């Protein structure tokens with residue numbers, strides 16, 4: 001006798017938009033992943049990084065745009081992938097619309113939280129790379145680690161909160177994590 005396997009439901013972006021107000025979730029390959037509110041330290045790091053990136057873009061009359069979560073990123077041209085990276089930098093204005101970013105941002109930064117560790121280090125790493133993200137940073141304050149994936153040059157950098165870290169999509173943008181660590185007492 002053949003055994004019938006229970007099939008998981010495949011969700012779409014429509015399901016994300018139909019979640020109860022105040023719910024935060026991401027959709028990866030048709031599966032919903034709920035998000036818990038970030039910690040104060042998480043938000044402090046996001047704020048510092050976003051401020052420095054946005055300041056650099058403005059000071060240099062750059063054309064890229066930086067966004068902080070919650071900001072919708074529709075990674076693929078399907079309705080089964082929707083993420084809200086902590087920081088997204090988009091250099092192609094044609095990808096931006098009223099809903100968010102349609103396609104892969106050039107640079108994504110995720111700040112690791114206890115509940116997001118596996119998602120940030122594995123699931124999103126693979127998803128961002130295959131979607132065409134140029135650069136992905138995983139900032140892990142608990143492990144005193146910043147992993148930099150430059151997918152264009154297929155290079156990976158491993159840094160600490162005592163290092164200046166170069167942004168690969170810019171020739172002269174360095175973010176001094178020791179300054180952030182001192183400022184936020186990390």
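Which one of 155, 92, 29 has the biggest mean-square fluctuation once the chain is modelled by GNM with Cα springs under 10 Å?
Of 155, 92, 29, the Gaussian network model singles out 155 as fluctuating most.
Suppose R0 equals 25 Å; then what is the FRET efficiency for residue 21 and residue 96 from their Cβ-Cβ distance, rounded to the nearest 0.05?
Approximately 0.50, to the nearest 0.05.
Okay, helix-only estimate at 222 nm for the chain: each DSSP H run of n ≥ 4 adds -39500 (n - 2.57), divide by all residues, round to 500 deg cm²/dmol; what do you get? Can you show the working numbers first?
Details: 4 runs with 41 residues, N = 186.
Taking each H run of at least 4 residues, the total per residue is -6500 deg cm²/dmol.
At a threshold of 8 angstrom on Cα-Cα distance, excluding pairs fewer than six apart, so keeping six or more, what relative contact order does region 101-186 reach in percent?
With pairs under 8 Å counted, the relative contact order is 21 percent.
So what is the relative contact order of the chain, in percent, for Cα pairs below 8 Å that sit 6 or more residues apart?
14 percent
Any idea how far apart residue 126 and residue 186 come out in nm if each label point goes 7 Å out from Cα toward Cβ?
Label-label distance for residue 126 and residue 186, simple model: 2.7 nm.
Most mobile of 140, 171, 106 per a Gaussian network model of the chain (Cα springs, under 10 Å)?
171
Report the calculated FRET efficiency for residue 9 and residue 117 (r = Cβ-Cβ distance, R0 = 30 Å), to the nearest 0.05.
Once the sixth-power term is evaluated, E becomes 0.75.
Out of these labelled values of volume of the Cα convex hull per residue in Å³, (i) 281; (ii) 113; (iii) 146, which was calculated from the coordinates shown here?
The value computed from this structure is option (iii).
Using the basic label-point model (7 angstrom from Cα toward the beta carbon), what is the residue 41 to residue 77 distance in nanometres?
It is 4.3 nm.
Using only Cα atoms, find the angle between the long axis of helix 40-59 and the longest principal axis of the chain, and express it within 0 to 90 degrees, rounded to the nearest 10.
Rounded to the nearest ten degrees, it is 60.
In nm, to one decimal, how far is the residue 142 label point from the residue 34 one, both placed 7 Å along Cα→Cβ?
Going from the residue 142 label point to the residue 34 one covers 1.9 nm.
Where the centre of each part is set by its Cα atoms, how far does region 5-34 sit from region 50-124, in angstrom?
19 Å
Looking at region 90-164 only, what percent of DSSP beta bridges run antiparallel? Nearest 5 please.
70 percent
Taken together, the values in this text are just the output of simple stated rules run on the coordinates, not laboratory data. Since we're looking at a predicted model, the values are computed, not measured. Methodologically, a virtual Cβ is constructed for each residue, glycine included, from the backbone with ideal geometry; neighbour enumeration extends over all protein chains shown.
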